[in-house]
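Visitor: This is the structure, below, for whatever I ask next.
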Amino acid sequence: MGECNAKHVSDSVTEQIQPVFYSHLNSQKRLFGGELVSWIDIVAGAVARRHSARNVTTAEIDSLQFKSPVYANNVVVLHGKMTYVGRTSMEVRVDSYVEELSGERKLVNTAYLVLVALDENGRPTPVPGLICDTPEEEAEWEAGKKRRDLRKQRRVESY
């Protein structure tokens, strides 16, 4: 699972709070999707950096599902965690929620990103293995293996 000492999923979990301002809205008065993608990429990068203890670069956004719109004055909570690791690559899941004043969270987006750890020369470098402590983390690992195989197949097919 990696050439370095393995780390737990919980070791790199990252959460960011982002208020939505009018400058973040599109012409439909909803959060501009590109703004959300930017926030997601930042959180995924923090997760991967914490896991690998390396600088990282985003190689792929594998899946991005918009489930519900976000409006001005909403507070978005982005929750990122490691789901799968290869030799130099890491898959990170970022769930985005709108948090109500009551504290209740409504899922508005789920994204999977692939990031690569970089050495001092900007070349891919091995990352620690991943220790899954819960059935949910094990299920994410297994699903991550399937997503990795699908990504490989798409590259072969030039899709």
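The values are calculated or read from the model by the stated rules, or taken from the named source; none is laboratory data. This structure is a prediction, so every number in the text was calculated from the model and none was measured. We place every Cβ from the backbone using ideal geometry, glycine too, and count neighbours over all the protein chains shown. Note: areas computed on protein heavy atoms with side chains; ligands, DNA, RNA excluded. Shrake-Rupley method; radii C 1.70, N 1.55, O 1.52, S 1.80 Å.
Visitor: So with the 1.4 Å probe, I'd like the accessible area per residue for the chain, rounded to whole Å².
Guide: Ligands and nucleic acids excluded, the result is 55 Å² per residue.
Visitor: Okay, next question. How much FRET efficiency would the formula 1/(1 + (r/R0)^6) give for residue 118 and residue 28, where r is the Cβ-Cβ distance and R0 is 41 Å, rounded to 0.05?
Guide: Numbers: r = 38 Å, r/R0 = 0.92.
The computed FRET efficiency comes out at 0.60.
Visitor: Rounded to the nearest percent, how much of the accessible area of segment 5-156 (1.4 Å probe, protein heavy atoms only) is carbon and sulfur? Don't skip to the end; give the middle numbers.
Guide: Details: 3940 of 8030 Å².
Roughly 49 percent of what the probe reaches on segment 5-156 is carbon or sulfur.
Visitor: Helix 33-52 sits at what angle to the longest principal axis of the chain, using alpha carbons and giving 0 to 90 degrees rounded to 10?
Guide: The angle comes out at about 30 degrees.
Visitor: Charges at C-beta only: +1 for Lys and Arg, -1 for Asp and Glu. How large is the resulting dipole of segment 5-156 about its Cα centre, in Debye rounded to 20? Numbers along the way, then the final one.
Guide: Numbers: 21 positive and 20 negative charges, 123 e Å.
Using only the charged Cβ atoms, the result is roughly 580 debye.
Visitor: Further question on the same structure: Using modelled amide H (1.01 Å from N, peptide plane; none on Pro or chain starts), what sits under 5 Å from the amide H of residue 32, excluding residues fewer than 5 places away?
Guide: Placed amide hydrogens put 25, 26 under 5 Å from residue 32.
Visitor: Let me ask something else about it. Taking amide H positions as placed in the peptide plane 1.01 Å from N, state which residues far from residue 108 in sequence (5 or more) or on other chains have amide H under 5 Å from it.
Guide: 96, 97, 98
Visitor: Moving to a separate point now. What FRET efficiency comes out for residue 142 versus residue 13 if R0 is 22 angstrom and r is the Cβ-Cβ distance? Round to the nearest 0.05. Write down the numbers at each step before the final one.
Guide: Working: r = 19 Å, r/R0 = 0.88.
That gives a FRET efficiency of 0.70.
Visitor: Let me ask another. Mind pulling the angle between the C-alpha long axis of helix 135-156 and the longest principal axis of the chain? Nearest 10 degrees, somewhere in 0 to 90.
Guide: Between helix and principal axis, roughly 80 degrees.
Visitor: When each pair of different Cα atoms in the chain is counted once in the 1/r mean, what is the Kirkwood radius in angstroms, to one decimal? Don't jump to the answer; show the numbers that get you there.
Guide: Values: mean 1/r = 0.0613 Å⁻¹.
Over the chain, the inverse of the mean reciprocal pair distance is 16.3 Å.
Visitor: Please check: in the Gaussian network model of the chain (C-alpha springs, under 10 Å), which one of 62, 41, 119 has the largest mean-square fluctuation.
Guide: 119
Visitor: Next question, about the same structure. For the chain, set up a Gaussian network in which alpha carbons nearer than 10 Å are linked by springs, and say which option among 26, 55, 74 fluctuates the most.
Guide: It is 26.
Visitor: Quick one: 3J(HN,Hα) in Hz for segment 87-99, Karplus 6.51/-1.76/1.60 with θ = phi - 60°, rounded, Gly and Pro as x.
Guide: Each residue's phi maps through the Karplus curve to give 6, 10, 10, 9, 9, 10, 9, 10, 9, 10, 10, 8, 9 Hz.
Visitor: Then there's this: Pick from 97, 22, 112 the residue whose mean-square fluctuation is largest in a GNM of the chain, springs joining Cα atoms under 10 Å.
Guide: 22
Visitor: Extent of segment 33-120 along each principal axis, from alpha carbon coordinates, in Å, largest to smallest?
Guide: Principal-axis extents of the Cα atoms in segment 33-120, largest first: 43, 21, 19 Å.
Visitor: Count the net charge of all other residues whose Cβ sits under 13 Å from the Cβ of residue 22, scoring Lys and Arg as +1 and Asp and Glu as -1. Numbers along the way, then the final one.
Guide: Details: positive: 29, 30; negative: 35.
Net of charged neighbours comes to +1.
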